[in-house]
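*Asks:* Below you'll find the structure I mean.
The values are calculated or read from the model by the stated rules, or taken from the named source; none is laboratory data. Please read all numbers here as calculations on a predicted model, not as lab measurements. Here the Cβ is made from the backbone with ideal geometry for all residues, glycine too, and neighbour counts use every protein chain on show.
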Amino acid sequence: MARTQQDYDDIPGTFVFDAERSREGFGINMFCMSLMKDDNRKAFKANEAEYLKKFRLTPEQTEAVLKRDYNRMLELGGNIYFTAKLGATDGHSFQHLAAVMTGASQQDYAAMMLGGGRSVEGNRSRSGKDKSAAKAKAGAKSASKAASASKPKSKSKSKSKPKSKSSAKRK
Amino acid sequence: MAKIIAGIGSSHVPAIGAALDNGKTEEPYWKRVFSGFEKSKEWMAKTKPDVAIVVYNDHASAFSVEMIPTFALGCAAEFPPADEGWGPRPVPVVKGHPALAAHIAQSVILDEFDLTIVNKMEVDHGLTVPMNLLFGQPKDAWPCPVIPLAVNVVMYPPPTGHRCYMLGKALRRAVESYPEDLKVVIFGTGGLSHQISGPRAGLINSKWDKSFLDNLSKDPKKLTRIPHLEYMREAGAEGIEMVMWLIMRGALDDKVDEVYRFYTVPASNTAVGHIILENARKASSTRKVAGKSKRGSAGKSRQAAARKSIHRIASKGTR
């Protein structure tokens, strides 16, 4: 059955862990939870596919876990606080996982965070129909200042806006 | 009669706990974060609460996906630190206050908030990191008993901001109907803006955070009208946990004195926010922390002056 569309599906790059995903991803999350125990971590590492059978995952979910496709796990009902335990079992830091999910190198991701993080400008809405994007657009007509607000990264970068955020509260 | 005298908002980033546990507090990256809590620890040492209610969320430690209580009140005598995959944090066992917790449960449920009662529970970084930031790193025991209130913000939907705010008011009524004279502080934890999942991970929105903190002080009712969609869009998918701060705010007077504020980006993947709010009528006795102790100039001017000194401290902390 296709997933019911929700207002928050309009947020780009985001899989909201809602009641439906919670139902769908129960097996993934219980599998991840099992990795809190050292014996289970060892059993999983010894034979991943065999270990996963206990949790009744769908073939897609099993594939996502075996391939460590973290975004796909989230899409299929995994929750980040749970899937992070799989990352830890692999010996990865959380920032490594975050970088993987964003498609950046860990170094670039860390640099982005030090520079104030990912800007919300251009990252609010897939459709551009959200209120704040609309507001920014309306403002753009009267003030050029707001124009960069409704545009994605490239433009705000030239204004070096994201970088200034590192010293967030200087004034 | 017991009384809630102040509220504390604080992020609970796990990496802050790891930095404390691994002795990294003097590294420049972490010093920037910890320096923002020095004044807060002084404030807390001076305030000496008898009990702390800590509103926080569990991160797949005590609760998996088997049970997802929206509001779970810790009524046990003690709460051991959870093993989050690297062994339990080396912090003292958190002692509860079962008598007050039982009283709160009874009062709040009859006040139409259907809490889950938890008589056995481990607590993770969501609770212990803010405790460290405000109480330091005691070796054997925390300075006061704690009543944990775990809120589901992991599975959507968390309770609405308005519901949280109203629960804060019910908590206050519960505390104030407890016969023993107790000084109670309440923590709202989590946030501020952050997203740690999916391709949009790393999102930070300092402008939105600042406005949240401003309104938390001056116009919390405005915050109760923020829909979940806006939290997730503006403050990140995981930033929605900021609703927990509204439980803390609801438990305070409508008018409060903001005695301290700190904000810095980043700690790991998260914007760190911190605020201390005191019920205004209590303010004159403990307000020295923010560098001012003048009495008399009531109301707005007093708050404005307090904010000024707060900003000074905040900017110091972010350098």
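*Asks:* Taking only region A:75-93 into account, find how many residues are over 19 Å from residue A:56 (Cβ atoms) and at the interface with chain B (Cβ under 7 Å from one of its Cβ atoms).
*Replies:* Total satisfying the criteria: 3.
*Asks:* State which residue pairs qualify: first residue in contact (Cβ under 8 Å) with a residue 60 or more places away in the chain and inside region B:198-221, second residue part of a helix (DSSP H, G or I) and hydroxyl-bearing (Ser, Thr, Tyr) in any location, beta carbons under 9 Å apart, and separation of 6 or more residues or different chains.
*Replies:* Sorted first by the residue in region B:198-221, then by its partner, the pairs are B:201/A:102; B:201/A:109; B:202/A:102; B:202/A:109.
*Asks:* Which members of region B:77-118 meet the condition of being among the small types (Gly, Ala, Ser), touching a Pro at 6+ places or on another chain (Cβ under 8 Å) and under 21 Å from residue B:57 (Cβ atoms)?
*Replies:* B:82, B:96
*Asks:* Can you name every residue in region A:105-121 that is closer than 19 Å to residue B:197 by Cβ and either surrounded by 18 or more Cβ atoms within 10 Å (Cβ to Cβ) or at the interface with chain B (Cβ under 7 Å from one of its Cβ atoms) (or both)?
*Replies:* Across region A:105-121, the qualifying residues are A:109, A:110, A:112, A:113, A:117, A:118, A:119, A:120.
*Asks:* Would you check which residues across region A:8-54 are basic (Lys, Arg), touching a residue at least 12 places away in the same chain (Cβ under 8 Å) and within 11 Å of another protein chain (Cβ to nearest Cβ) and list them?
*Replies:* A:21, A:23, A:41
*Asks:* So which of A:52, A:76, A:57, A:35 ends up being among the aliphatic types (A, V, I, L, M) and closer than 17 Å to residue B:85 by Cα?
*Replies:* Answer to the selection: A:35.
*Asks:* Residues of region B:227-273 being among the hydrophobic types (A, V, I, L, M, F, W, C), assigned to a helix (DSSP H, G or I) and away from chain A (no Cβ under 11 Å), which ones?
*Replies:* B:242, B:243, B:244, B:245, B:246, B:247, B:248
*Asks:* Residues in region A:125-141: is at least one at pLDDT 50 or above, closer than 30 Å to residue A:27 by Cβ, among the basic types (Lys, Arg) and in the same structural domain as residue A:41 (by TED's automatic domain parsing)?
*Replies:* Scanning region A:125-141 turns up no residue that is at pLDDT 50 or above, closer than 30 Å to residue A:27 by Cβ, among the basic types (Lys, Arg) and in the same structural domain as residue A:41 (by TED's automatic domain parsing).
*Asks:* Consider region B:178-203. How many of its residues are hydrophobic (A, V, I, L, M, F, W, C) and within 13 Å of chain A (Cβ to nearest Cβ)? Give the steps one after another, and end with the answer.
*Replies:* In the first step, residues of region B:178-203 are kept if they are hydrophobic (A, V, I, L, M, F, W, C); the result is B:182, B:184-187, B:192, B:196, B:201, B:203.
Imposing the further condition that a residue be within 13 Å of chain A (Cβ to nearest Cβ) reduces the set to B:192, B:196, B:201, B:203.
Qualifying residue count, region B:178-203: 4.
*Asks:* Take the residues in region B:82-109 that are crowded, with 21+ Cβ neighbours inside 10 Å and within 14 Å of chain A (Cβ to nearest Cβ), then tell me which one is nearest to residue B:178 (Cα to Cα).
*Replies:* Only one residue tops the list, namely B:82.
*Asks:* So, one more: Please give the helices (runs of 4 or more DSSP H) falling wholly within region B:1-119 in which 1 or more residues are under 27 Å from residue A:93 (Cα atoms).
*Replies:* Working: elements: B:14-21, B:28-34, B:38-47, B:98-110.
Answer list for region B:1-119: B:14-21, B:28-34.
*Asks:* Residues in region A:43-51: is at least one farther than 19 Å from residue A:74 by Cβ, modelled with pLDDT of 95 or more and of a type in the set (Lys, Arg)?
*Replies:* Checked region A:43-51: at least one residue is farther than 19 Å from residue A:74 by Cβ, modelled with pLDDT of 95 or more and of a type in the set (Lys, Arg).
*Asks:* Moving to a separate point now. Out of all the residues in region B:1-25, which are small (Gly, Ala, Ser), under 19 Å from residue B:44 (Cβ atoms) and either surrounded by fewer than 24 Cβ atoms within 10 Å (Cβ to Cβ) or in contact with a Lys or Arg (Cβ under 9 Å, 6 or more places away or on another chain) (or both)?
*Replies:* Correct list: B:2, B:6, B:7, B:9, B:17.
*Asks:* Now a separate question. Being more than 8 Å from chain A (Cβ to nearest Cβ), surrounded by fewer than 18 Cβ atoms within 10 Å (Cβ to Cβ), among the β-branched types (Val, Ile, Thr) and not in a strand (DSSP E or B), is that true of even one residue in region B:210-226?
*Replies:* no
Listed here are the residues, each with its yes/no results for (1) in contact with a Leu (Cβ under 7 Å, 6 or more places away or on another chain); (2) at pLDDT below 95; (3) within 24 Å of residue B:25 (Cα to Cα).
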site: B:52; (1), (2), (3): no, no, no
site: B:55; (1), (2), (3): yes, no, no
site: B:75; (1), (2), (3): no, no, no
site: B:84; (1), (2), (3): no, yes, yes
site: B:106; (1), (2), (3): no, no, no
site: B:115; (1), (2), (3): yes, no, no
site: B:137; (1), (2), (3): yes, no, yes
site: B:145; (1), (2), (3): no, no, no
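*Asks:* Additional query: Considering (1) more than 13 Å from every other protein chain (Cβ to nearest Cβ); (2) surrounded by fewer than 21 Cβ atoms within 10 Å (Cβ to Cβ); (3) part of a helix (DSSP H, G or I), say which one residue B:175 fails and leave the rest.
*Replies:* Going through the list (1) more than 13 Å from every other protein chain (Cβ to nearest Cβ); (2) surrounded by fewer than 21 Cβ atoms within 10 Å (Cβ to Cβ); (3) part of a helix (DSSP H, G or I), residue B:175 breaks only (2).
*Asks:* Just one of B:108, B:91, B:129 is among the β-branched types (Val, Ile, Thr), within 14 Å of residue B:74 (Cα to Cα) and in contact (Cβ under 8 Å) with a residue 24 or more places away in the chain; which is it?
*Replies:* B:108
*Asks:* Check residue A:96 against each of (1) part of a helix (DSSP H, G or I); (2) facing chain B (nearest Cβ under 9 Å) and name the one condition it does not meet.
*Replies:* (2)
*Asks:* Let me ask you something else. For the condition within 29 Å of residue A:114 (Cβ to Cβ) and either out of contact with any Leu (no Cβ under 9 Å at 6 or more places or on another chain) or aliphatic (A, V, I, L, M) (or both), what is the one hit in B:237, B:174?
*Replies:* Among B:237, B:174, only B:237 is within 29 Å of residue A:114 (Cβ to Cβ) and either out of contact with any Leu (no Cβ under 9 Å at 6 or more places or on another chain) or aliphatic (A, V, I, L, M) (or both).
*Asks:* Another question, then. More than 14 Å from residue A:11 (Cβ to Cβ) and more than 10 Å from chain A (Cβ to nearest Cβ), is that true of residue B:206? Walk me through it before giving the result.
*Replies:* Values: more than 14 Å from residue A:11 (Cβ to Cβ): yes; more than 10 Å from chain A (Cβ to nearest Cβ): no.
Spelling it out, it is not the case that residue B:206 is more than 14 Å from residue A:11 (Cβ to Cβ) and more than 10 Å from chain A (Cβ to nearest Cβ).
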